[in-house]
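Have a look at the structure below, then the notes.
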Amino acid sequence: PHHCIKLIVTRGVGGRGYTPPETVNPTEIVSVHAIPSYYAKWQQAGICLKTSSIRLGLQPLLAGMKHLNRLEQVLIKSHPLPQGFDDWLVNDIEDNVIESSMANVFFIKGNRVITPSLAQCGVAGVMREQVMIALLEQNINIECLPVGAERLIEFDSA
């Protein structure tokens, strides 16, 4: 069985309000989790996404970062998926496709690979970077572009 490691680093305990303490003592939390058994099926068969009605707000200062204030994702995951769907597809408030509720997305159009721009919101996942590096090493161009939801029908696959 395969496992994954989750690492959380915080700036530690502080007082009231948002101002960090003068002396920071980081807190590190490490946990190990089994890889869900359905991942293997998803890798072979693909997944079916349903667009979430909850949209991501724009905050370019936090765009790309995975941080502990992902309240929009908490709201998205609190809604049960309809029968037959595996995950939520998440757009921003301007109706650009950003990610799924738990993964980055890539689209294929002919010999082009496109992944949504994360300049305004979203999480630049570790595996997103690894996929991008692997594509470039195979001389496959990858573009990071805004992907309006209305453009999804243009792609050969996702």
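The values are calculated or read from the model by the stated rules, or taken from the named source; none is laboratory data. In this text, all values refer to a predicted model and were calculated from it rather than measured experimentally. Heads up, the Cβs are rebuilt from the backbone with ideal geometry, glycines too, and the neighbour counts pull from every protein chain shown. The accessibility values were calculated without ligands, DNA or RNA, using every heavy atom of the protein model including side chains. Shrake-Rupley method; radii C 1.70, N 1.55, O 1.52, S 1.80 Å.
Straight-line reach from Lys77: taking Cα to Cα under 20 Å and skipping same-chain neighbours fewer than 8 places apart, the lysines in range are Lys6, Lys50, Lys66.
The DSSP beta bridges internal to region 1-138 are antiparallel in roughly 75% of cases. Distance from the Cα centroid of region 86-111 to that of region 1-33 is 28 Å (rounded to whole angstrom). Computed over the chain with a Gaussian network model linking Cα atoms closer than 10 Å, the most mobile of Pro82, Pro21, Pro36 is Pro21.
Largest first and in whole Å, the equivalent-ellipsoid semi-axes of region 45-154 read 22, 17, 13, each the square root of five times a Cα gyration tensor eigenvalue. Peptides 108-115, 139-146 ranked from most to least packed by the mean count of surrounding Cβ atoms within 10 Å: 108-115, 139-146.
For the chain, the solvent-accessible area with a 1.4 angstrom probe is 70 square angstrom per residue.
Charge tally for Ile35 (other residues, Cβ to Cβ under 14 Å; Lys, Arg +1; Asp, Glu -1): +2. Each Lys and Arg contributes +1 and each Asp and Glu -1, all at the Cβ; summed about the Cα centre of the chain, the dipole is approximately 380 debye. Estimated at the nearest 10 Å², the accessible area of Met127 is 130 Å² with a 1.4 Å probe. Among the protein heavy atoms of region 45-154, carbon and sulfur supply 58% of the accessible surface, probe 1.4 Å, non-protein parts ignored.
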